[in-house]
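I have placed the structure first, in the form of structure tokens, so that the comments after it can refer back to it.
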Amino acid sequence: MADRGGAFLNSLAGAVPGEAIISDAARLEEYAASRPPTASDPPALAVRPRSSEEVRSVVAAAAEAGVSLVPVSSGAPHVKGGSAPHSGDVVVDLSGMDRILHFDRRNRVAVIEPGVTFPALEEEAAREGLRPMTPLLPRPNKSVLASYLEREPITVPKYHWDMTDPLLCVEVVFGTSDVFRTGSAAGPGCLEDQWAAGNAQKNPMGPAATDLARLVQGAQGTMGIVTWASVRLELEPCLRRFGIATSDSTAPLLQFASQLARRKLGDELVLLDSTNASCILGENGPGESPGRFLLVYCVSGLPGYLPEEKVAYQERDIAVIAERAGLRPQYGDRAEELGAMLSHPCAGPNWKTRMKGASLDVFFLATAEPAPGLVDAMYEVAGRYGLGERDVGIYIQPVMQGRSFHVEFNIFFDPGDAGAAARVSDAAGEAAGLLAGKGAFFSRPYEPWVDVAYARCPDTVGALRKLKGIFDPGDIMSRGKLCFKGGETPGTR
Amino acid sequence: MIPEKAYAELEKAIGADNVTREPAMLDSYSWQPFLNMSGELWVARPAAVVLPASTEEVQEVVRACNRNGLKLKALSTGWGAQGGASGDDTVLIDLRRMDRIIEIDEKNMYAVVEPYVCGGELQAECWKRGLNTHIVGAGPHASPLAGATSMHGCGNDSISMSTSSRNVLGVEWVLPSGEVLRLGSPGSGAGWFCGDGPGPSLRSIMRGTSGAFGGFGVFTKVALKLYHWPGPPTVESEGTVLDSTGELPECMSFFNCSFAGEQDSVEAMYRIGEAEIGCIQVRMVTSEFILLIMPHLFPKLVRKGGAILEFLNEAMASPFTILLAGNSPGELAYQEKVLHEIIRSCNGIAMDMSRIGPARRLMGMNLLRCTIFPTVFRFGNMFATNLDGNEALDTQNAWTHTMEGYKSAYVRAGGLIDDGGENPYMINYENNLYGHCETIYLYDHRNREHLESLEPLGFDTTLAAIEQCNVPLAAFEPVTRKLMSPLACDFNEWQKKISAAFDQNGVSDTRLYTDEEDPDYDRIDPAKLEKLKELQARFRGKERR
Amino acid sequence: MMSCVRCSSCKWIPFNQMKSARFAKNCPSIARHGFHSYSGSGRVNMGLSLLEGRSELTEKVSEVIYSCQMCGACDTHCKVYREVIDINDVLLELRAKCVEDGELLLEHMAVIDALKRENNMLGEPKAARGEWARGLGLKDVNTETVEVMFHAGCRFSYDRDLWPGVRGSVRLLQAAGFEVGTAGAEESCCGGRAYELGYRGEARNFFEDMLARVRSSGAKMLVTACADGYAAFKYLYPLEGVDLPVEVFHVTQVLERAVSGGRLRPGRLPCKVTYHDPCHLGRMGEPFLGRWEGDKRLRLRSMSRTGKNGVYQPPRSVLGSIPGLELVEMERIKQYAWCCGAGGGVIDAFPEYAAWTAAERLEEAACTGAEALVTSCPWCERAFLDAARETGSPMAVRDLNELLLEACGESEGGDP
């Protein structure tokens, strides 16, 4: 941004207070992607806006100067690379925008800024007997919005009706610097007007024939910056019992999970291999396990709605389904311990760092039938790179109420070992290419499989580039990410 | 008249038997009195109608339209004025020959369907496989593909099976350019199970609360999320609708719940959502039920001054019907017990209709397949609805009163048929993620006075929506869109940009997608115009601050 | 006509009865031709367009109007939702309009010419009309007083392949103790098909002719084996004010009584069959209920032509009375049965379309696992026999009466 920097800095100085602009190298270092293979340079600058208006001013200034902005909401470390800046980029750090703007118990919805973390929202929700849906063990400083915007799967599939869930309406500043509100938040009137009229920003679609929340979701900041969103909350159960079903292969557990999910039985429904279970439980480890894979599920009852009876019929129904599947689920301390951990943010640092210090995650969506074969294929590729079963953890999450599964491989490595990092990266890249040909759908493209994902859908790429040309014609938003490599966006030609 | 060259190209593309420009045949597509809010009964006669049989043929037709400067618009079942052409230069693409259920994936619970599969057909096939499909409130006549991609899509079963727009997985879409775009996993050759990604979802431009009503290319296949069906493969039923004598499956029961007051009813709907029970739930007042099943009695009651209807509506305040379905006897018993507790705590009565033989036999299939609701035509000859946006149930409830205020003025002036009250159709999505409400009104389209009420009433709907800070579903109408867009983030400016980017020759009939029109100001009450100006001044630009 | 809201109910069987996507459609015309104008609703919409002078009756429009079997399935499903629309009446009016304006199909003109010349729909010599009955010992209603006047109909009279069915009818009636007579060579067409083709003047002549014969016969009962004839006598005649002074029955109704009364005792006949409801015995054979004056929105259900009151149970009861016979139903039955394809003049003007329609039904029959498709209308039988031959379908096509006769231990060779 050297040649454009002066003008941009001047505009920025008028847009945000001085203390919101960070140029100190040590502090900028925190914004770099922290570990190989997606490690990045620190940004040229970071700016910490405190309001939607300031975000808009920052974007306007960047659009004017042609400076690339990378929005970041969660605290460090940044590992997946979705928010990794290139040198010369300016990070828009939204973690300071951490207000819960509105909390509506009756309609089970909260309007939150990007800096609101899972523990913060959980605490607020718990006061009203509600809970937010979480991905698997988010780190304590993980932004709720960042997670939802990245379509990270939630652990309770029965509440995952559509891929957008639990995200509802958003306010977004597009790369054009236009402000847009989606769903029933679109207007007329500001939020206060809408609340006064009884609205609760609950309809996630629209306005009219647009559904632009879906455009900014999964976009890794390439279309605009979300400044607040309404999110769906669920009733906090008053009675929970966890069960574990185990098997040496994923197939019966996937089938079991499908059967539970299709009947909306149970709450949390998470499939792990013993490696990942060990990582999650830490020192306690999974102990002697009768199978390599385990499906953890929760049956719960809701306060005020005959919780004991609900738990009772669910347990009976689940027992019947399990028997048909040839599984013997177990309840008890071990299930309770693991289950309790799955339902909340991670207590300590990221659980994936416990094994070797870092992990490179490869994840995609697939249906139940090819999933076991995809697991085998991953092991096969990993084996070629000298990676054993203890080096690759597996996490499988039913999504869309059981219509498909998020399949995630966590390849553990020592971040200090450059050779290991490169090997893991190569393995991940090769595996992605192989898996994509076997039914894996890489719906959330990160390095090193971005190109693998987009090579398979040239028509989608063409359409996305047209949209990029509309919503970010100056290519100032997270430049170079996804399929928007330099010079390929209509607006930049 | 369509130019000879263009017509010949269409014939060449899909065969002469599948193209027509015969005026009387075209007029069978122009007679569109239902949901024709202009007060007209015919819409424009299209330039031609074509019947492609495959995605490739649709592409050929679209390319021919591009080459010849013709507009195009696709329809599936074509029920309602939104299925018609808006100009005589439009080629209507009747997708009737694309009527296959491509696949029902039993394990992964989705179906891939073409445009002319109707909801009833799909549901019949699903039941045989232990699955169920959402059926829109319009009834099993309607096309699930159209509901999912292009129209609205709510229904009585939305409490358990969501709304069409949120049941979309993969999509195949012939763009206005003639190119095929497959959304989500099918675009990557990975099957039909997901409609979003890689990265940003292209479902973002396919539709929002509503779709583009045929104004943005042609949807040729869609994968729809299906749901678990605990009932038998077929539900035996004698008779048709009002003489139905079917049995309700053992695993189900249904209740008519009535309350001491309206707030109690709404509270019960909230709690039912929280308790996560219910397969079908719909709130309709007593007079609507009488209207549906006893149209002969209805006018007699109205003739008595409507007093009896009012009494019934008040005595049985805001009743709703709820059908419970259990995957096991234990679950059904649990749901029934919870329902009774909820209704009791809300000062209501839950009448177990499934224990009343005639009701059980009459309503079983009529509820499960949503077959009874189109009988609403029977008394008035025609009906329409004031479409609300979708929002919190409290807001939906308020809408019934707001619209009742407007509607009753027309009834008093003889501009609408007296139907005894507010007549809401109110449902709850996804265990009360949000709700939907429409206020039904009856009219006779052979009555000029009634037809002349429609535009002003549509204007009132827009006014009410602005007051309620909500973009109504009716924003597909050019007038409503023009009034709403500047107050809601200029959504139509973005729609126009998207349309232009994908439809460079302007080949789509965009009347119900991006076109804007002023209301006929001469026909609007000056006081209401004044109110509009005041609301515009109050709200303009505020939603972006 | 203005009441049609284009809901498309007329294109499907009643939704509560849908059991599969394969057999969910009810209208052969729209299923075959695709454009909306080929549906009940589309024809009503076209009619309104013509009436309002928006468009003209052309050769193509006439072709569309006549590409319809007049099977009435559209009207039946429409009535589920709407009291105010009588699609069948509109279809009849459109055809009358075609005749009035001279927009005629050549094939139909030939049929009507032959009808006028030979008194039958097949153009066969009128003198040969009674040959089917040779050796049955029937009385001559032209000269003798009879209890039962039997009307064979045009198709049964001349289609030798079908003679076992019609002769079987008579033998069963006789076995049940009825004294049966026919008009022999003097029998003429009922006129129903001519009426449906829009040739109302010609039809009226045949109506009057029939009335005179019935009056002179002194019969108490008019029994016909022809479903077209049954529908004409029960609906079209009273619609046109022609009041036959006898009770009119389809032969299956009489046989049902004979079987239930023990006058016929069928023996064991192990087979698995399915039954095809002829449109004109079913929904189109529903008796004329009188004209509703005033606001149709208030028309009583009992005054609506809902299709519920067709002859559905008698043939089923007859089949049910045969020990060892298993009746398996198709998905589309009774008032929402799929047509055989022959009606409304389609078999004359559009034989390929008629054959396609029949083949669809054979496929549906095959899906039941039945070895035979049984029906009780000669036009349906002919349509199915031809379609089975053309498509190579192994499905046997049987006349209900012939089957009952066989169960009663007798058989009809066919050629007298």
*asked:* Below 8 Å between Cα atoms, with a sequence gap of 6+, how large is the relative contact order for chain B in percent?
replied: 15 percent
*Take the Cα of residue C:260, step 7 Å along the line toward its Cβ, and report every residue of segment C:321-363 whose backbone nitrogen sits under 19 Å from that point.*
C:321-323, C:327, C:334-335
*asked:* Please report the accessible area of residue C:19 (heavy atoms, 1.4 Å probe, ligands and nucleic acids excluded) in Å², nearest 10.
replied: 40 Å²
*Could you please put A:150, A:128 in sequence from largest to smallest accessible area, using a 1.4 Å probe?*
A:128, A:150
*Alpha carbon centroid spacing (whole Å) that separates segment B:398-426 from segment B:288-358*: 21 Å
*asked:* Please compute, for peptide B:324-333, the average count of beta-carbon atoms on other protein chains lying within 10 Å of each residue's beta-carbon.
replied: 4
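Would you be so kind as to identify all helices of chain B, as entire DSSP H runs, whose Cα atoms reach 18 Å or more along the helix's own axis and whose mean Kyte-Doolittle hydropathy is at least -0.5?
Details: long enough: B:55-68 (20 Å, -0.99); B:262-275 (20 Å, -0.74); B:329-345 (24 Å, -0.42); B:393-412 (29 Å, -0.95); B:448-467 (30 Å, -0.17); B:526-539 (20 Å, -0.75).
What comes out of the filter, once short or polar helices are dropped, is B:329-345, B:448-467.
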*How far apart, in nm, are the 7 Å Cα→Cβ label points at residue A:195 and residue B:308?*
4.9 nm
*In whole percent, how big is the carbon plus sulfur part of the accessible area of segment C:3-96, probe 1.4 Å, protein atoms only?*
48 percent
_Rounding to the nearest 10 and keeping the result within 0 to 90°, find how far the Cα-based axis of helix A:118-127 lies from the longest principal axis of chain A._
70 degrees
*Note, ³J(HN,Hα) from phi for segment C:65-71, Karplus 6.51, -1.76, 1.60, rounded to Hz, x at Gly and Pro*: 4, 8, 7, 8, 7, 6, 7
*For segment B:13-82, just run the numbers: alpha carbon Rg, then divide by 2.2 N^0.38 Å, N being how many residues it has.*
1.18
*Per principal axis, descending, Cα span of segment A:351-452 in whole Å*: 39, 26, 22
*Cα-Cα pairs of chain B separated by more than 34 Å (percent)*: 39 percent
*How would you order C:22-32, A:413-423 from highest to lowest mean count of nearby Cβ atoms within 10 Å?*
C:22-32, A:413-423
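Between residue B:538 and residue B:504, how high is the FRET efficiency from 1/(1 + (r/R0)^6) when r is the Cβ-Cβ distance and R₀ = 41 Å? Nearest 0.05.
On the way: r = 39 Å, r/R0 = 0.94.
Efficiency at R0 = 41 Å is approximately 0.60.
Over the protein assembly as shown, average the accessible area per residue using a 1.4 Å probe and give it in Å², no decimals. Each step should come with its number before you reach the end.
Values: 43900 Å² over 1454 residues.
For the protein assembly as shown, the solvent-accessible area averages 30 Å² per residue.
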*Choose one of A:246, A:258, A:335: the residue whose Cα lies farthest towards the positive end of the charge dipole of segment A:239-342 (beta-carbon charges +1 Lys, Arg; -1 Asp, Glu; about the Cα centre).*
A:258
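Rounded, prolate or oblate, given the Cα gyration tensor of segment C:34-90, with a/c below 1.5 counting as rounded? Each step should come with its number before you reach the end.
On the way: a/c = 2.38, a/b = 1.48, b/c = 1.61.
Since a/c reaches 1.5 but b/c is at least a/b, the shape of segment C:34-90 is classed as oblate.
Which value results for Rg/Rh of the protein assembly as shown when Rg is the Cα radius of gyration and Rh the Kirkwood radius based on the inverse mean 1/r? List each step's numbers first, then the result.
Details: Rg = 34.8 Å, Rh = 34.3 Å.
Across the protein assembly as shown, the Cα-based Rg/Rh ratio is 1.02.
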*Where does chain A land at 222 nm, in deg cm²/dmol rounded to the nearest 500, when only DSSP H runs of n ≥ 4 count, each adding -39500 (n - 2.57), divided by all residues?*
-10000 deg cm²/dmol
_Packing-based ranking, highest mean first, of A:235-245, C:387-397 given that Cβ atoms within 10 Å are counted_ = A:235-245, C:387-397
*Can you give me the relative contact order of segment A:2-93 as a percent, contacts being Cα pairs under 8 Å and 6 or more apart?*
37 percent
*Bin all alpha-carbon pair distances of chain C at 10 Å intervals from 0 and give each bin's fraction as a whole percent.*
5, 23, 34, 26, 10, 1, 0
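With N denoting the number of residues in chain A, provide Rg(C-alpha) divided by 2.2 N^0.38 Å, to two decimal places. Mind showing how you got there, number by number?
Working: Rg = 22.4 Å, N = 493, 2.2 N^0.38 = 23.2 Å.
Relative to the rule-of-thumb radius for its length, chain A sits at 0.97.
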*asked:* Quick check on segment B:247-379: take the gyration tensor over C-alpha atoms, sort the square-rooted eigenvalues as a ≥ b ≥ c, and tell me if it's rounded (a/c under 1.5), prolate or oblate.
replied: oblate
_Per-pair calculated FRET efficiency, R0 = 25 Å: residue A:347 and residue A:128 via Cβ, rounded to 0.05_ = 0.60
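Between chains A and B, what is the buried accessible area summed over both chains (1.4 Å probe, protein heavy atoms, nearest 100 Å²)?
Numbers: alone 19130 and 21830 Å², together 32830 Å².
In total, this chain pair buries about 8100 Å².
For peptide A:476-485, what's the mean number of Cβ atoms from other chains within 10 Å of each residue's Cβ? Working shown, then result.
Details: counts 0, 0, 0, 0, 0, 1, 3, 3, 2, 0.
Mean partner shielding for this stretch: 1.
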_Virtual spin-label span in nm between residue B:523 and residue A:51, 7 Å along Cα→Cβ_ = 4.5 nm
*Looking at chain C, what % of its DSSP beta bridges pair antiparallel, to the nearest 5?*
5 percent
*Using Cα atoms only, what is the angle between the long axis of helix A:250-262 and the major principal axis of chain A, expressed in degrees (0 to 90) to the nearest 10?*
80 degrees
*Could you work out how far the C-alpha centroid of segment C:260-293 sits from that of segment A:166-235, in angstrom?*
63 Å
*First check a/c for segment B:479-544, with a ≥ b ≥ c the square roots of the eigenvalues of its C-alpha gyration tensor; if it is under 1.5, answer rounded, and if not, answer prolate when a/b is larger than b/c or oblate otherwise.*
oblate
*Using only Cα atoms, find the angle between the long axis of helix A:458-471 and the longest principal axis of chain A, and express it within 0 to 90 degrees, rounded to the nearest 10.*
50 degrees
_Averaged over B:465-473, number of beta-carbon atoms from partner chains that fall within 10 Å_ = 6
*Amide H contacts under 5 Å for residue A:117, placed H, 5+ residues apart*: A:144
*Can you pull the semi-axes for segment A:100-235, root of five times each eigenvalue of the Cα gyration tensor, sorted largest first, whole Å?*
21, 18, 13
*Please work out the Cα center distance from segment B:18-75 to segment B:95-164, rounded to the nearest Å.*
24 Å
*Flagged links, alpha-carbon separation over 24 Å, of A:352/A:485; C:11/C:60; C:79/C:334; A:158/B:225*: A:352/A:485
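The values are calculated or read from the model by the stated rules, or taken from the named source; none is laboratory data. Because the structure is predicted, anything quoted here is derived from the model rather than measured. Neighbour counts run over all protein chains shown; Cβ positions are idealised from the backbone, glycine included. Side chains included, ligands, DNA and RNA excluded: accessible areas come from the protein's heavy atoms. Shrake-Rupley method; radii C 1.70, N 1.55, O 1.52, S 1.80 Å.
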